[in-house]
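Student: Before I ask anything, let me first share the structure, which is written out below as structure tokens.
The values are calculated or read from the model by the stated rules, or taken from the named source; none is laboratory data. On a predicted model such as this, the values are computed, not experimentally measured, just so you know. When we count neighbours, we look across all protein chains shown, and the Cβ atoms used for this are built from the backbone with ideal geometry, even at glycine. In case anyone asks, the SASA skips ligands and DNA or RNA and just uses the protein heavy atoms, side chains included. Shrake-Rupley method; radii C 1.70, N 1.55, O 1.52, S 1.80 Å.
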Amino acid sequence: ITGLSQSRNVQVVSTQRLHDILKLLGREGQKRIGRTIATQVAQKSNAKWMLLGTILETTPHLIMTTQLIEVTTGQVTSAARIQGKNGEDIFVLSDSLTAKISDDLSWPVRDDLASTGAAQRKTNSLDAYRYYLEAVDAFYRYDGTATFAALRKAREFDSTFAMVYYLAASCQWLWYANADTVNIAKAVKYSDKATQVERLYIESMQSLIVADYPQGIALLERLVARYPDEKDAYQLLGICYGRLHQLQKSTDYYLKTLELDSLFADGYAVLIHNLFNLGDYDKSIW
């Protein structure tokens, strides 16, 4: 997802969107996704292709096998088997896989993915990345204690991981209305290793924290124009307009979040508040 989403030739379904669809299918929290479930998720997301694969550890090597499958026909478009060299890590294999998929689909990979090589990845530490993903999971469960605990662990393994600082600053702004300028400054400092979508999140939060809503909104609108299934960005836009007391615009963006995730409880909670204050009591009750 990280590598291929940098390409101008394809729109990649985001991790959050995949989790939202799993939730709609009653598969939330499922760790192992087989081909049948993956196909259902792909169909729900209107994807043309899906990528299935396995990661095998055969000390001292890592082997990644993948199949790129056309969703409507079930036909395997391409298959790959990539073996890491002695001492090579899983991130390098992912970079190789990104290039392999792009070659198989005849995409002009050189220009599109020049900045997504191993040297530019978001973190060198698999442990840092694992704890970051734990923090993200806790964040979506509104578990502040677990979120900050996982972020602290991630920083222990990689103190230059931009998204760890971004998430910490975002939690402070979203949950406690605190302007965490220290963490967002570190996110900006280390954002050279972040992806394009992550940099837009970081830059928008840098503006929002200091109440520069016009700039923050402009960056978020640029983000959703390029990545239209980023539910978090629509939610942030809804929050911004809510804090600016522009409740109709806030409502419009929260409706976008519900188009992506009809089980998004927080979206309904905000809509109840917005519609009530707009005088639309019947819809608020509904």
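Student: Is it true that Thr116 is closer than 18 Å to Leu51 by Cβ and modelled with pLDDT under 75? So that I can check it myself, show each step before the final result.
Tutor: Values: closer than 18 Å to Leu51 by Cβ: yes; modelled with pLDDT under 75: yes.
In short, yes.
Student: A further question on this structure: List pairs: first residue in the range 240-262 and more than 30 Å from Arg27 (Cα to Cα), second residue open to solvent by 50 Å² or more (accessible area, probe 1.4 Å) and among the hydrophobic types (A, V, I, L, M, F, W, C) anywhere in the structure, Cβ distance under 6 angstrom, at least six positions apart or on different chains.
Tutor: Partner pairs satisfying both residue conditions: Leu247/Leu278.
Here is a yes/no grid of residues against (1) part of a strand (DSSP E or B); (2) over 18 Å from the mean Cα position of the chain (by Cα); (3) crowded, with 17+ Cβ neighbours inside 10 Å:
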residue	(1), (2), (3)
Thr2	no, no, yes
Leu18	no, no, yes
Lys23	no, no, no
Glu28	no, no, no
Ile37	no, yes, no
Gln43	no, yes, no
Leu51	yes, no, yes
Leu56	yes, yes, no
Ile63	yes, yes, no
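Student: From the list Lys231, Lys249, which residue is of a type in the set (Lys, Arg) and either more than 23 Å from Val197 (Cα to Cα) or at pLDDT 95 or above (or both)? Even if it seems obvious, please write down each step before you answer.
Tutor: Numbers: Lys231 fails: either more than 23 Å from Val197 (Cα to Cα) or at pLDDT 95 or above (or both).
Criteria check complete, one pass: Lys249.
Student: Name the residues in the range 134-162 that are part of a helix (DSSP H, G or I), open to solvent by 10 Å² or more (accessible area, probe 1.4 Å) and within 20 Å of Gln196 (Cβ to Cβ), would you?
Tutor: Hit for the range 134-162 is Val136, nothing else.
Student: Oh, and also: Step by step: first the residues of the range 172-197, then only those that are of a type in the set (Gly, Ala, Ser) and under 22 Å from Thr145 (Cα atoms), then the one that is surrounded by the most Cβ atoms within 10 Å (Cβ to Cβ). Which residue is that? Walk me through it before giving the result.
Tutor: Residues of the range 172-197 of a type in the set (Gly, Ala, Ser): 177, 179, 185, 187, 191, 194.
This time we only want the ones that are under 22 Å from Thr145 (Cα atoms), so: 177, 179, 187.
Details: Ala177: 8, Ala179: 14, Ala187: 28.
Per the criteria, the residue is Ala187.
Student: Checking Leu151 against (1) touching a Cys at 6+ places or on another chain (Cβ under 9 Å); (2) over 14 Å from Tyr131 (Cβ atoms); (3) not polar (S, T, N, Q): exactly one of these is not met. Which one?
Tutor: Among (1) touching a Cys at 6+ places or on another chain (Cβ under 9 Å); (2) over 14 Å from Tyr131 (Cβ atoms); (3) not polar (S, T, N, Q), the lone unmet condition for Leu151 is (2).
Student: Still on this structure: Scan the range 249-265 residue by residue and report those that are assigned to a helix (DSSP H, G or I) and loosely packed, with under 15 Cβ neighbours inside 10 Å. Give the derivation first.
Tutor: So in the range 249-265, the residues assigned to a helix (DSSP H, G or I) come out as 249-260, 265.
Once the filter is applied, which keeps residues that are assigned to a helix (DSSP H, G or I) and loosely packed, with under 15 Cβ neighbours inside 10 Å, the range 249-265 yields Leu255, Glu259, Ala265.
Student: Loosely packed, with under 15 Cβ neighbours inside 10 Å and either at pLDDT below 80 or not polar (S, T, N, Q) (or both): is that true of Ala128 in this structure? Please lay out each step first, then the result.
Tutor: Working: loosely packed, with under 15 Cβ neighbours inside 10 Å: no; either at pLDDT below 80 or not polar (S, T, N, Q) (or both): yes.
No; evaluated as a whole, the condition is false for this residue.
Student: A further question on this structure: I need every pair where a residue in the range 1-12 that is over 11 Å from Arg226 (Cβ atoms) has its Cβ under 8 Å from the Cβ of a residue that is among the aromatic types (Phe, Trp, Tyr) and surrounded by 15 or more Cβ atoms within 10 Å (Cβ to Cβ), sequence separation at least 6 or different chains.
Tutor: Close Cβ pairs satisfying both conditions: Ser7/Trp107; Asn9/Trp107; Val10/Trp107.
Student: Here's something else I'd like to know. Give the residue, chosen from Leu200, Leu223, that is among the aliphatic types (A, V, I, L, M), open to solvent by less than 10 Å² (accessible area, probe 1.4 Å) and within 16 Å of the chain's Cα centre (by Cα).
Tutor: Leu223
Student: For Arg243, indicate whether it is at negative phi, within 16 Å of the chain's Cα centre (by Cα), open to solvent by 50 Å² or more (accessible area, probe 1.4 Å) and basic (Lys, Arg). Write out each step before concluding.
Tutor: Details: at negative phi: yes; within 16 Å of the chain's Cα centre (by Cα): no; open to solvent by 50 Å² or more (accessible area, probe 1.4 Å): yes; basic (Lys, Arg): yes.
No.
Student: Consider only pairs whose beta carbons are under 6 Å apart and that are at least six residues apart or on different chains; among these, list those whose first residue lies in the range 158-173 and is closer than 16 Å to Asp127 by Cβ and whose second residue is open to solvent by 10 Å² or more (accessible area, probe 1.4 Å) and of a type in the set (Phe, Trp, Tyr).
Tutor: Thr160/Tyr190; Val164/Tyr132
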